[in-house]
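I have a structure here, written as structure tokens, and I will follow up with some questions on it.
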Amino acid sequence: MAIPEATLVGSFEKKIPLVSFGTAEYPFGASAHSVKDVILDAIKIGYRHFDSAALYQSEKPLGEAVKEALSLGLIKSRDELFITSKLWCSDAHRHCVLPALQKSLKSMELEYVDLYLVHWPVSVKPGEYELLVKKKDLVPIDIKAVWEAMEECYKLGLAKSIGVSNFTCKKLQALLATSKIPPAVNQVEMNPLWQQKKLRELCREKDIIITAYSPLGAKGTLWGKNWVMDCEGLQQIANQKNKTVAQICLRWVYEHGVSLLVKSFNKERMKENLDIFDWKLSSEESRMISEIPQRKGFPGEEFISDDGPYKSLEALWDGEI
Ligand SMILES: NC(=O)c1ccc[n+]([C@@H]2O[C@H](COP(=O)([O-])OP(=O)(O)OC[C@H]3O[C@@H](n4cnc5c(N)ncnc54)[C@H](OP(=O)(O)O)[C@@H]3O)[C@@H](O)[C@H]2O)c1
């Protein structure tokens with residue numbers, strides 16, 4: 001079954017597939033798998049949207065997989081794929097944005113990305129691409145200037161749409177107040193244990209698509225927690241429906257009309273994660289999930305510093321945590 005899609009504000013012609021393939025595996029650039037082969041398997045299985053980032057070091061194998069998919073005839077043209085990449089914090093400076101996108105495009109050997117995102121509302125001094133940023137390198141982000149450079153990327157046709165990631169309602173509203181091209185997407189953590197109700201309402205009102213990352217809680221990763229997959233309430237629903245906890249999480253996100261990214265480098269789990277379209281949660285199951293106590297899995301402690309722009313998680317998340 002083809003994956004359902006949604007229309008993006010600002011994108012010329014492309015729709016965004018609602019279930020997409022995450023390519024972040026830690027340690028970045030050191031996967032035990034051939035990431036190119038994993039992505040080729042994902043294309044064979046039916047995934048069409050691939051989420052990458054300068055940080056993940058998955059851009060090169062993604063580009064190689066696109067090339068091979070074309071030569072194998074798995075796709076007829078690159079246009080059949082939706083490719084996302086992201087600007088890392090060390091490039092979140094006006095003068096670094098365009099060169100960073102050009103560098104990403106060169107790694108992927110592509111002429112454009114379908115979506116380019118500001119990875120975090122955070123700047124660090126130019127140089128390194130590390131998730132555990134050095135706190136001494138944290139500097140205030142000039143989001144207006146960074147966004148102007150993102151708009152330039154869009155105007156040049158190098159990014160068919162532009163957006164942000166990890167932005168709160170407050171940061172989105174500030175950006176909307178000054179941007180000429182509004183963000184098409186806000187990519188954020190979202191799963192049954194971090195449901196993002198307020199952000200979803202704002203984004204619906206402003207025509208911004210939410211893309212949910214870590215829909216399974218990113219169990220087993222540097223940034224993830226086990227508590228989504230180990231949640232008893234979700235296990236109970238999964239047992240009574242003869243589905244897996246992963247499928248319950250993904251279906252729950254999908255039923256909220258947002259797009260989602262899920263990462264599995266295992267073929268069987270890749271298929272399992274797409275098997276969510278021909279059944280639904282009952283209203284009682286949705287109610288049970290809506291009552292699950294909320295806790296954010298990835299608060300971003302590494303971006304907090306006494307000497308940096310965000311001195312507390314409250315400040316980073318504008319109290320929305
Ligand atoms: N914008 C941001 O700041 C940000 C942050 C985090 C992630 N992301 C993006 O979102 C993507 C997805 O999020 P994520 O990787 O953090 O977390 P996730 O998709 O919630 O979870 C990934 C973990 O779950 C396992 N898994 C996948 N399917 C499974 C299934 N059916 N049953 C059991 N385990 C399963 C994977 O292992 P196996 O591979 O072994 O199956 C992996 O350990 C990332 O890859 C990345 O592209 C963006």
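So, in nm, how far is label Asp307 from label Lys134 when the simple model puts each one 7 Å beyond its Cα toward the Cβ?
Here the answer is 1.1 nm between the modelled labels.
Between His49 and residues 5 or more places away or on another chain, which pairs have amide H atoms under 5 Å apart, with H built 1.01 Å from N, and which residues are they?
Long-range HN contacts for His49: Phe21, Phe82.
A further question on this structure: So, by mean Cβ neighbours within 10 angstrom, what's the order for 82-90, 298-306 with the highest one leading?
Answer by packing, highest mean first, reads 82-90, 298-306.
Of Lys155/Lys225; Lys36/Lys243; Lys36/Lys135, which ones are farther than 31 Å apart at the Cα?
Those over the limit are Lys155/Lys225; Lys36/Lys135.
While we're on this one: From the gyration tensor of the Cα coordinates in segment 5-316, what semi-axes in whole Å does the equivalent ellipsoid have, largest first, with each one equal to sqrt(5λ)?
Working through the eigenvalues yields semi-axes of 28, 24, 19 Å.
Classify segment 97-172 as rounded, prolate or oblate from the Cα gyration tensor: take a ≥ b ≥ c as the square roots of its eigenvalues, call it rounded if a/c is under 1.5, otherwise prolate when a/b beats b/c and oblate if not.
In terms of gyration-tensor shape, oblate.
Now for a separate question. Along segment 210-224, what does the Karplus equation 6.51 cos²θ - 1.76 cosθ + 1.60 (θ = phi - 60°) give for ³J(HN,Hα), rounded to whole Hz, x for Gly and Pro?
8, 10, 8, 9, 6, x, 9, x, 6, 3, x, 9, 4, 9, x
Let me ask another. Give the accessible surface of segment 156-287 per residue, rounded to a whole number of Å², with probe radius 1.4 Å and ligands, DNA and RNA excluded.
Heavy-atom SASA per residue in segment 156-287 reads 42 Å².
Loop only by DSSP, 11 or fewer other Cβ within 10 Å of the Cβ. Give me the GluC sites (Glu not before Pro) in segment 1-82 that pass, ordered by residue number.
Within segment 1-82, the qualifying GluC sites (Glu not before Pro) (loop, at most 11 other Cβ atoms within 10 Å) are Glu13.
A further question on this structure: Relative to the compact-globule scaling 2.2 N^0.38 Å, provide the ratio for the alpha-carbon radius of gyration of segment 196-247.
1.42
First compute the accessible area of segment 5-316 with a 1.4 Å probe, then give the percent of it belonging to carbon and sulfur atoms.
50
When ligands, DNA and RNA are left out and all protein chains stay put, how many square angstrom of accessible area per residue does segment 50-122 have with a 1.4 Å probe? Each step should come with its number before you reach the end.
Working: 2680 Å² over 73 residues.
On a per-residue basis, segment 50-122 sits at 37 Å².
Now for a separate question. List every residue whose amide H lies under 5 Å from the amide H of Ala159, counting only residues 5 or more places away in sequence or on a different chain, with H placed 1.01 Å from N in the peptide plane.
Val113, Tyr154
Now for a different question. Quick one: work out the % antiparallel among DSSP beta bridges in the chain, nearest 5.
So the antiparallel bridges amount to about 20 percent of the total.
Moving on. Output wanted: per-residue J couplings in Hz (rounded whole) for segment 257-270, from phi through Karplus 6.51 cos²θ - 1.76 cosθ + 1.60, θ = phi - 60°, x for Gly and Pro.
Each residue's phi maps through the Karplus curve to give x, 10, 8, 9, 10, 10, 10, 9, 9, 10, 4, 5, 6, 4 Hz.
Subtract the Cα-Cα distance of Glu80 and Leu176 from 0.36 nm times their separation in residues, and report this length gain in nm to one decimal. Before the final figure, lay out the partial values.
Working: separation 96, 0.36 × 96 = 34.56 nm, distance 3.02 nm.
Result for the pair: 31.5 nm of gain on full extension.
The values are calculated or read from the model by the stated rules, or taken from the named source; none is laboratory data. This structure is a prediction, so every number in the text was calculated from the model and none was measured. Positions of Cβ are generated from backbone atoms using ideal geometry, with glycine treated the same way; all protein chains shown enter the neighbour counts. Ligands, DNA and RNA are stripped out before the accessible areas are found, and what is left, the full protein with its side chains, is counted by its heavy atoms. Shrake-Rupley method; radii C 1.70, N 1.55, O 1.52, S 1.80 Å.
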